[in-house]
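Contents: one structure, followed by commentary.
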Amino acid sequence: MKFGVVRFPGSCDDVDALLACERVGEATMLWHADRDLHGVDAVVVPGGFSYGDYLRAGAIARFAPVMESVAEFARDGGLVLGICNGFQVLCEAGLLPGALLPNVSLKFVCRQVGLTVEEPDTAFTSACEPGEQLSIPVKHMTGRYFSEDPVHVVLRYASGENPNGSQDDIAAVRNEAGNVFGLMPHPEHAVDPLTGSASGLRIFESMRAQVAGHALV
Amino acid sequence: MRARVLVRPKEGILDPQGQAVERALPALGFGGVSNVHVGRLIELDVEDPGKLPEMCEQLLSNPLIEDYEIQT
């Protein structure tokens, strides 16, 4: 399978995301000004500070030409993963419910957090063992998830580890159809035990399994 | 036409920036201050002010978390 990683001006985790994808499949970079998704099977919107995060995190990136194609891809059922700034972009674009607000502490947080898998049967978590706790780093200043309406919570911060004041300890949500997923923690930074944890790989392995499953049908 | 858009956190949504300012003022000797909220001011020249609400809904504010007020 082939992943596409979107690169905006100001993205900074695009290369790590590409390398993480390459551990489970092929991967190519997608340029923000290019509407062509180059036939990828899944799209990753990575972390960083797209367009400087001017106005609000993700507010400008949402209007990038590539995002029109990503929205269409998502409408057609394609898998879209948004990490950190990518999560903010997907919320601003309306592809995911809710919004991300500044951390309650008003500080940038950068630390390893434990995550409980609330839904182990999604396209993004099926590779997780039942009851598995993931250990993945967060690094953000605008990660306090908020939604007035009920949402599908896929990952929660482990008890006492909420780094940003997120509502109900929410770390990751998905859309109703289950093909768009966003999370504040960075699975692409947790793909090798050498750097503390490899549990971020579960996300990419799940996506590969989902795409492979579809290919068989 | 010169227009001004005020964007503020929606009521009921925790506003840590406002709280930080509220705590800082008494430390400087300014007592009797409460209900502080920090928002954003956007000034713009606009040919058709009728389009301002749409601009606010689509870009200048995020209606899920913010209220906006247009001054022309």
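Overview of values
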read-out	value
Single residue of the stretch A:131-145 satisfying the filter (farther than 15 Å from A:GLY114 by Cα and not in a strand (DSSP E or B)) that is farthest from the chain's Cα centre (by Cα)	A:MET141
Any hit, the stretch A:54-71, residues being among the acidic types (Asp, Glu), more than 14 Å from the chain's Cα centre (by Cα) and at negative phi	yes
Scope the stretch B:36-72; condition of a type in the set (S, T, N, Q), in a loop (DSSP other than H, G, I, E, B) and closer than 22 Å to A:GLU148 by Cβ; matching residues	B:SER61, B:ASN62
Meets criteria (within 29 Å of B:LYS10 (Cβ to Cβ) and either surrounded by fewer than 23 Cβ atoms within 10 Å (Cβ to Cβ) or not charged (D, E, K, R) (or both)) for A:SER135	no
Boolean, A:GLY10 is surrounded by 16 or more Cβ atoms within 10 Å (Cβ to Cβ) and closer than 17 Å to A:ILE203 by Cβ	no
Contacts under 7 angstrom Cβ, first residue in the stretch B:47-62 being closer than 16 Å to B:ARG2 by Cβ, partner surrounded by fewer than 12 Cβ atoms within 10 Å (Cβ to Cβ) and among the hydroxyl-bearing types (Ser, Thr, Tyr), 6 or more apart	B:PRO49/B:THR72
Options B:GLU69, B:GLU43, B:GLU57; residue that is surrounded by fewer than 16 Cβ atoms within 10 Å (Cβ to Cβ), of a type in the set (Asp, Glu) and more than 14 Å from chain A (Cβ to nearest Cβ)	B:GLU69
Residue count for the stretch A:164-193, restricted to those that are farther than 18 Å from A:GLU205 by Cα and either of a type in the set (S, T, N, Q) or away from chain B (no Cβ under 14 Å) (or both)	10
Number of the exception - B:GLU11 against (1) part of a loop (DSSP other than H, G, I, E, B); (2) in contact (Cβ under 8 Å) with a residue 40 or more places away in the chain; (3) away from every other protein chain (no Cβ under 13 Å)	(3)
Residues satisfying the stated conditions in the stretch B:40-69, i.e. within 14 Å of the chain's Cα centre (by Cα) and of a type in the set (Val, Ile, Thr)	B:ILE42, B:ILE65
Unmet criterion (only one of (1) within 17 Å of A:GLY86 (Cα to Cα); (2) out of contact with any helix residue (DSSP H, G or I) (no Cβ under 8 Å at 6 or more places or on another chain); (3) assigned to a loop (DSSP other than H, G, I, E, B)) for A:GLY4	(3)
Neighbours by Cβ (under 6 Å, 6+ apart or cross-chain): first from the stretch A:75-94, within 14 Å of chain B (Cβ to nearest Cβ) and closer than 19 Å to B:GLU57 by Cβ; second basic (Lys, Arg) and crowded, with 24+ Cβ neighbours inside 10 Å	none
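Read-outs throughout are calculated quantities, based only on the coordinates presented, and are distinct from any laboratory measurement. Remember, predicted model here, so these are calculated numbers, not experimental data. Neighbour counts are summed over all protein chains in view; Cβ atoms, including those assigned to glycine, are modelled from backbone coordinates with ideal geometry.
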